[in-house]
Each structure stands twice: as structure tokens, then as C-alpha cells.
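Enquirer: The structure that follows is given in the form of C-alpha cells.
The values are calculated or read from the model by the stated rules, or taken from the named source; none is laboratory data. Source: prediction; values computed, not measured. Here the Cβ positions follow ideal geometry from the backbone for every residue, glycine too, while neighbour counts run over all protein chains shown. Quick note on the areas: whole protein, heavy atoms, side chains included, nothing else; ligands and nucleic acids left out. Shrake-Rupley method; radii C 1.70, N 1.55, O 1.52, S 1.80 Å.
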Amino acid sequence: MPTLCRDCLHEFDSGTACPACRSRRVVAHKELMALSIAHMDCDAFYASVEKRDDPTLAHKPVIIGGGRRGVVSTACYVARIRGVRSAMPMFKALKLCPDAVVIKPRMSAYVEVSRAIRAMMDELTPVVEPLSLDEAFLDLTGTARLHGHPPAVMLARLVRRMRDELGVTGSIGLSHNKFLAKIASDLDKPHGFSVIGQAETEDFLAGKPVRMIWGVGQATQEALERAGIRSFDDLRRWDERDLTARFGSMGTRLWHLARGQDRRRVSAHAPVKSISNETTFGEDTSNPDLLDGHLWRMAEKVADRAKAKDKAGLVVTLKLKQANFQTLSRRQSLRDATQMADTIYRCARGLFDAVGDKGPYRLIGCGLSHLVPAAEADRSADLLDPNAARRAGAERATDAIRARFGPDAILKGRALR
């Protein structure tokens with residue numbers, strides 16, 4: 001049985017302890033040295049960076065988030081043991097863990113560590129597909145000759161370097177496709193290394209709940225349960241055509257995933273699918289001026305990011321969260337793709353007005369999706385709005401002024417609300 005010591009990276013045939021360093025942190029699997037598709041997921045990334053930078057937090061429950069009115073971005077494992085979870089309202093998290101240290105996110109610090117991790121991954125393979133600051137897929141197919149070691153060894157070396165040089169830990173999932181690699185990375189957290197081989201795929205998935213599938217949220221799970229589908233075994237009993245007829249393209253995908261089949265390649269150039277911005281208020285509000293001001297500022301931020309990425313979008317989305325935590329989402333397709341803040345704002349404002357008086361709200365968000373190259377943006381004049389071209393010209397001029405003199409060089413009056 002091929003076995004690897006995760007501490008000293010010694011490769012040996014079998015055993016529960018490393019013959020070189022006596023460590024028991026070993027991983028053994030028949031296909032260990034043959035698999036090459038991996039998912040690396042940092043362990044409680046934001047909280048780990050905070051604990052690294054402030055050693056007094058080492059054994060304390062740490063929650064990263066924004067005040068009592070916000071939500072939990074992430075939490076360390078001490079807090080997770082108490083029941084704290086990402087996206088949980090902060091007041092609920094503090095009820096579960098009243099002694100937690102709450103820290104506002106320091107994105108610049110997290111980005112810096114993320115870039116260092118990415119540089120380490122790029123040394124292993126050019127095929128790295130980031131999913132966020134703290135996780136990525138890697139395809140190490142064909143790299144054994146370059147490194148002199150199989151992918152499993154290089155992945156163990158990666159997380160060891162992350163721990164020793166950056167002070168953060170990560171968990172590795174190794175398999176024969178992206179779907180299973182991502183599942184594997186979550187099996188032995190924190191600081192884990194799990195393998196799902198090709199020969200054992202269907203046996204491994206047998207009896208597992210469908211909520212294990214990445215992308216199956218609460219709404220999809222409820223729809224599947226209404227069809228009597230709760231596990232992978234239930235999915236396998238359905239014919240592919242019947243699943244597709246009931247669930248559309250998702251049904252086709254589920255049929256293949258139920259059998260551990262995933263033909264998606266790890267892509268180093270995965271396209272950005274959407275751009276969005278949202279804010280959580282300190283107190284619930286129905287103030288129309290305040291909401292309008294936030295909506296404009298978010299439209300500006302979305303537009304700025306679209307321009308920076310040389311992208312434009314065909315769909316504008318409005319997100320509202322009510323005081324009872326119910327989320328309202330509205331979207332509108334545009335005739336032409338846009339990257340202009342004015343267009344995004346006016347569309348989002350129209351969606352907001354159409355919602356009616358359903359406040360107060362605790363969160364508002366705005367987004368742009370169905371992205372296309374910027375060259376395809378804002379091509380035709382709006383005959384129903386003869387002033388649109390003039391406003392677009394003013395926005396371009398504003399962009400030029402800010403680029404030269406800074407982001408606060410010129411502001412719209414509504415941005416001050």
C-alpha cells in the first residue's frame with residue numbers, strides 16, 4: 001500500500017508510523033501515487049491569519065465579521081465547535097459563543113497571504129484554478145518528471161510550506177476529478193489529506209446525502225426531496241432523461257455526479273461570472289434617501305470592478321434582506337451589456353421601486369452578471385432616454401479625473417447620503 005509521511009515527506013510501502021521520523025501523520029491509499037487532481041482549502045483562513053498575527057488569540061474562539069448586525073465571514077475551529085458557522089447572523093453566533101473575539105475583516109492582510117500561497121501553487125503546476133482567496137483546484141498531471149516526485153508528495157510539501165513559511169494550514173483533497181477532489185478536501189479538516197480513488201468512487205458515494213454536492217443549496221435540496229431524492233443512491237435509481245426532464249441541465253449534471261463522473265477540466269483561466277457588492281446596516285432601515293445613497297455607491301463599485309476587469313454585464317441584480325432575514329432578489333436583463341454605473345444604478349433603482357414598501361431592510365446589494373468583453377458594452381443609443389449619452393460621457397470624464405487625482409476627487413451628491 002503506497003504510504004506517505006506528511007511531516008517528512010518520506011515515501012514507504014505500508015505502516016501506521018513513518019519509519020524515518022516516527023510521525024503518525026501518514027496517508028495511505030492504493031492510488032495515492034497515481035492521482036493528480038487536487039483541491040486545496042485553507043483551514044479557517046481569515047481567523048488563522050488573525051491568530052498568526054496576534055498569538056494571544058491562539059486558544060480563543062475567534063469570529064471574523066462586522067459587528068452585531070452583520071454576519072459571520074468565518075470562524076476558527078474553537079468557535080465552530082460551539083456551533084458558529086459562516087453566514088450566520090452575528091447575534092446568533094454571539095449567543096452560541098459569547099466569549100468570542102470578534103474581528104473586522106482585514107482584506108489586505110488576507111490578500112497578501114493568498115498571493116503567497118498562489119505563488120507556491122504556481123511552482124507546482126501552471127494549471128491552478130482559484131475559487132476564492134483560500135481555495136483552489138490544481139491539476140498536477142505530468143508534473144512528476146519535473147519535480148521528481150508524484151503529485152501527492154508535492155501537495156504534502158505545499159501545505160507544509162504554508163504552515164512553516166506563512167503560518168496557515170490547509171487541507172488537501174486528491175482524486176481523479178474536481179467534484180471528488182473538493183469533497184475529499186473536507187473529509188479530514190483541519191490540516192487534512194484525504195484521497196478518493198477511481199476504483200472506490202461509487203462505493204464511497206453510496207448512502208451519502210445529496211447536500212454533499214457542491215452547488216446544491218437549500219432550495220435545490222428541497223426540490224430533490226420533493227422528488228424523493230435524499231442520497232446518491234436515490235439519484236442512481238433515476239433515468240438520466242427523467243432527471244433532465246424534471247430538473248433541466250441540473251438533472252443531467254446530477255445523474256453524472258451520482259456516479260462520480262465530472263468531465264470539467266481544471267482551468268487556469270476560469271472566467272469571472274458575476275460582479276457584486278452589498279452592505280449590511282448597523283440598524284434596519286426604510287429610509288429611502290439612505291437606501292438610494294447605498295444603491296448608488298454599490299453601482300459605482302460594481303462598475304469600477306467591471307471596468308478594471310474589462311468586462312460588461314447583461315443582467316443587473318438587486319438583493320434585499322428584510323428584518324426577518326428573508327431575502328428578496330430581483331433581476332433585469334438589459335438590451336445592451338453595460339459597465340456604466342449610471343445604467344446599473346437606474347436599473348437597480350427601478351427594481352427597488354418595483355419591490356414596493358417591504359422594509360425595513362438589514363442588507364442591500366447590487367450585482368452585474370452574464371459578463372461579456374467590454375468592447376461589446378453600451379453600443380446603441382437609448383432612444384427613450386436622450387440624456388443617457390451625455391451622462392455616459394460625464395461618467396467617463398469622472399473616471400479619468402479619479403484615475404489622475406484619486407477616488408475622492410469627484411463625487412455625486414447622492415453618494416453623500
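Enquirer: Can you run down the residue pairs with Cβ atoms below 9 Å, 6 or more apart or on separate chains, where the first is in the range 311-331 and farther than 14 Å from residue 278 by Cβ and free of Cβ contacts under 8 Å to residues at least 40 places away in the same chain and the partner is acidic (Asp, Glu) and open to solvent by 20 Å² or more (accessible area, probe 1.4 Å)?
Expert: What qualifies is 323/284.
Enquirer: What about residue 178, is it under 24 Å from residue 234 (Cβ atoms) and charged (D, E, K, R)? Steps first, please.
Expert: Numbers: under 24 Å from residue 234 (Cβ atoms): yes; charged (D, E, K, R): yes.
Yes, satisfied.
Enquirer: To continue, here is another question. List the strands (runs of 3 or more DSSP E) inside the range 19-70, counting only whole elements, that have at least 3 residues being within 29 Å of the chain's Cα centre (by Cα) and either surrounded by fewer than 17 Cβ atoms within 10 Å (Cβ to Cβ) or modelled with pLDDT of 95 or more (or both). Please lay out each step first, then the result.
Expert: Details: elements: 26-28, 37-42, 62-65.
Answer list for the range 19-70: 37-42.
Enquirer: Could you tell me which numbered condition residue 232 fails, if it satisfies all but one of (1) surrounded by 14 or more Cβ atoms within 10 Å (Cβ to Cβ); (2) touching a residue at least 60 places away in the same chain (Cβ under 8 Å)?
Expert: (2)
Okay, residues lined up against (1) in contact with an Asp or Glu (Cβ under 8 Å, 6 or more places away or on another chain); (2) modelled with pLDDT under 90; (3) at positive phi:
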position: 210; (1), (2), (3): yes, no, no
position: 215; (1), (2), (3): no, yes, yes
position: 229; (1), (2), (3): no, no, no
position: 237; (1), (2), (3): no, no, no
position: 240; (1), (2), (3): no, no, no
position: 255; (1), (2), (3): yes, no, no
position: 258; (1), (2), (3): no, no, no
position: 269; (1), (2), (3): no, yes, no
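Enquirer: Just to be sure I understand the filter: pairs with C-beta atoms under 9 Å, separated by 6 or more residues or on different chains, first member in the range 342-369 and in a loop (DSSP other than H, G, I, E, B), second member among the aliphatic types (A, V, I, L, M). Which pairs pass?
Expert: Filtered contacts from the range 342-369: 358/320; 358/328; 359/291; 359/320; 359/323; 360/323.
Enquirer: Continuing with the same structure: Please find, within the range 78-93, the residue that is least open to solvent (accessible area, probe 1.4 Å) out of those that are of a type outside the set (Val, Ile, Thr) and within 17 Å of residue 48 (Cβ to Cβ).
Expert: The initial filter retains those residues of the range 78-93 that are of a type outside the set (Val, Ile, Thr), namely 79-80, 82-83, 85-93.
Now narrow it down to the ones that are within 17 Å of residue 48 (Cβ to Cβ): 79-80, 85-86.
Numbers: 79: 0, 80: 68, 85: 124, 86: 69 Å².
Out of the qualifying residues, it is 79.
Enquirer: Please go through the range 364-380 and pick out each residue that is at pLDDT 90 or above and buried (at least 17 other Cβ atoms within 10 Å of the Cβ).
Expert: Within the range 364-380, 364, 365, 366, 367, 368 meet the criteria.
Enquirer: Are any residues in the range 115-135 modelled with pLDDT of 95 or more and among the small types (Gly, Ala, Ser), and if so, which ones?
Expert: Hits for the range 115-135 are 116, 119.
Enquirer: Within the range 286-297, which residues are open to solvent by less than 50 Å² (accessible area, probe 1.4 Å) and out of contact with any strand residue (DSSP E or B) (no Cβ under 7 Å at 6 or more places or on another chain)? If you could, list the steps in order and put the result at the bottom.
Expert: At the first step, the residues of the range 286-297 found to be open to solvent by less than 50 Å² (accessible area, probe 1.4 Å) are 291-296.
Residues satisfying the conditions are 292, 293, 296.
Enquirer: Give the range 351-363 a look and list any residue that's open to solvent by less than 40 Å² (accessible area, probe 1.4 Å) and either of a type in the set (A, V, I, L, M, F, W, C) or at pLDDT 90 or above (or both), or say none.
Expert: Going through the range 351-363, the residues open to solvent by less than 40 Å² (accessible area, probe 1.4 Å) turn out to be 351-352, 355-356, 359, 361-363.
Within the range 351-363, 351, 352, 355, 361, 363 qualify.
Enquirer: So, of the residues in the range 94-106 that are touching a helix residue (DSSP H, G or I) at 6+ places or on another chain (Cβ under 9 Å) and within 23 Å of residue 278 (Cβ to Cβ), which turns out to be least open to solvent (accessible area, probe 1.4 Å)? Break it down stepwise before answering.
Expert: The initial filter retains those residues of the range 94-106 that are touching a helix residue (DSSP H, G or I) at 6+ places or on another chain (Cβ under 9 Å), namely 96-97, 100-103, 105-106.
Among the residues that remain, those that are also within 23 Å of residue 278 (Cβ to Cβ) are: 102-103, 105-106.
Working: 102: 59, 103: 30, 105: 56, 106: 87 Å².
That would be 103.
Enquirer: Another question about this same structure. Out of all the residues in the range 241-285, which are assigned to a loop (DSSP other than H, G, I, E, B), of a type outside the set (A, V, I, L, M, F, W, C) and open to solvent by 60 Å² or more (accessible area, probe 1.4 Å)?
Expert: Filtering the range 241-285 down to residues assigned to a loop (DSSP other than H, G, I, E, B) leaves 248, 258-273.
Cutting the leftovers down to of a type outside the set (A, V, I, L, M, F, W, C) gives us 248, 259-265, 267, 269, 271, 273.
Across the range 241-285, the qualifying residues are 261, 263, 264, 265, 269, 271, 273.
Enquirer: Can you pull out the residues in the range 298-339 that are surrounded by 21 or more Cβ atoms within 10 Å (Cβ to Cβ) and not in a strand (DSSP E or B)?
Expert: 298, 299, 300, 302, 303, 306, 339
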